[in-house]
Every structure is written in structure tokens, then in C-alpha cells.
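First up is the structure itself, then whatever we jot down about it.
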Amino acid sequence: MSSTPQKTAIEDLYRQESRRVFATLLRLLGDFQLAEEALQEAFIAALKQWPSDGVPANPRAWLVSAGRFKAIDALRRQSRFIKGLDDIADSIEATTPDYAGLADDEIGDDRLRLIFTCCHPALSEDSRVALTLREVCGLTTEEIASAFLCKPSTIAQRIVRAKAKIRAAHIPIKFPVQRNYMGV
């Protein structure tokens with residue numbers, strides 16, 4: 001089975017940029033699960049559209065934009081069942097730019113924000129490391145478990161609990177507040 005040039009380009013882009021796209025989507029959407037689903041939906045859209053239209057000039061911006069729209073659509077679909085989601089979708093649409101037309105250097109790299117979120121002191125040390133390896137580095141649960149010398153199910157539970165704690169404690173996806181040398 002041969003691969004088309006666009007499919008190969010998308011596979012390469014996924015390996016090189018998926019964690020950057022994810023980090024930006026997480027900052028925009030504020031939810032790990034929603035950002036991960038938006039990332040996957042954006043790459044599915046790319047697999048469908050790019051073979052006929054070609055790879056866009058700025059594929060990362062296109063993916064962020066597509067993911068953002070997919071998340072807004074998903075929230076609107078779910079809003080029929082959960083009150084308030086339509087307001088969240090409207091807020092995301094109103095407060096976040098459409099990245100499709102932006103240059104790569106205008107988007108920035110949100111991975112550092114993601115690192116600070118994954119390494120928040122409210123999380124246990126083991127959770128911080130596992131979550132960072134998964135979300136920032138893109139390692140699989142099995143690869144992380146191998147490094148920790150434990151079962152993949154243990155790592156999966158650790159990551160799920162860490163994400164739940166971030167959501168429940170409203171840990172922000174941003175840089176920490178800087179203080180001067182006097183602690184002020």
C-alpha cells in the first residue's frame with residue numbers, strides 16, 4: 001500500500017507538530033479532552049481535504065484553526081444536552097482568533113505553558129512527570145510505563161487523575177506569576 005505525498009506530509013507533520021498544535025488548542029479551549037479531540041478531528045480533516053486541495057502554506061496554523069472550529073462545533077452539538085455549553089462555544093469563538101491566516105511566528109509556541117500546567121505543584125511528582133511525558137513529549141502510555149517500570153494501566157490512571165485535578169482545581173494553562181527577588 002503506497003502513501004500519497006499529502007498523506008506522508010501529514011504523517012510527518014503529526015510527528016513534528018502535533019504536540020505544538022495540541023498545546024495551542026489546550027490554551028484556547030482550556031480542557032485536555034476537548035483539545036485532544038479537536039487535534040484528532042483537525043488531522044482527520046487534513047487527511048480528507050489536503051489530498052485534493054494540497055497542503056496549505058502554513059499547515060500548523062490550518063490545523064489549529066480547524067481544531068478550534070471542530071471544538072466549537074462539538075460544544076454546540078453537546079449544548080443540546082448540557083446547559084451552558086453553547087455559551088462556552090460562543091466565548092471561544094469570540095475570544096480566540098482564526099489561526100488559519102496567521103504566519104507561523106505569529107502563533108507562538110504554547111508548549112511552555114503546557115509544561116507549567118503539567119508540572120503544577122498541586123500534582124504529585126509522579127503525575128507531573130507522566131503527564132508531561134504524555135502531553136508535551138507525546139510518549140505513549142506504554143512507553144511511559146516502561147520508563148517507570150510499572151503497568152500501563154497505572155500510568156493511564158495517573159494521567160487521568162492529573163487531568164481531573166487540573167480541571168477540578170481550575171489550574172490555568174498559562175505562565176506562572178513572576179515575583180521579584182523579595183517575593184512580591
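The values are calculated or read from the model by the stated rules, or taken from the named source; none is laboratory data. Remember, predicted model here, so these are calculated numbers, not experimental data. Neighbour counts are summed over all protein chains in view; Cβ atoms, including those assigned to glycine, are modelled from backbone coordinates with ideal geometry. Each accessible area value is taken on the protein alone, full model and side chains, heavy atoms only, with ligands, DNA and RNA left out. Shrake-Rupley method; radii C 1.70, N 1.55, O 1.52, S 1.80 Å.
Could you work out the local net charge near GLY138, counting Lys and Arg as +1, Asp and Glu as -1, over the other residues with Cβ closer than 11 Å to its Cβ?
Charge balance near GLY138 sits at +2.
Could you order HIS120, HIS170 by accessible surface area, starting with the largest, using a probe radius of 1.4 Å?
Sorted descending by solvent-accessible area, the residues read HIS170, HIS120.
Which whole-Hz ³J(HN,Hα) couplings does the stretch 164-170 yield from phi under the Karplus relation 6.51 cos²θ - 1.76 cosθ + 1.60, θ = phi - 60°, glycine and proline marked x?
5, 5, 4, 5, 5, 8, 6
For ASP87, put the label point 7 Å out on the Cα→Cβ axis and report which residues of the stretch 20-52 keep their amide N under 19 Å from it.
Answer for the stretch 20-52: 29-31.
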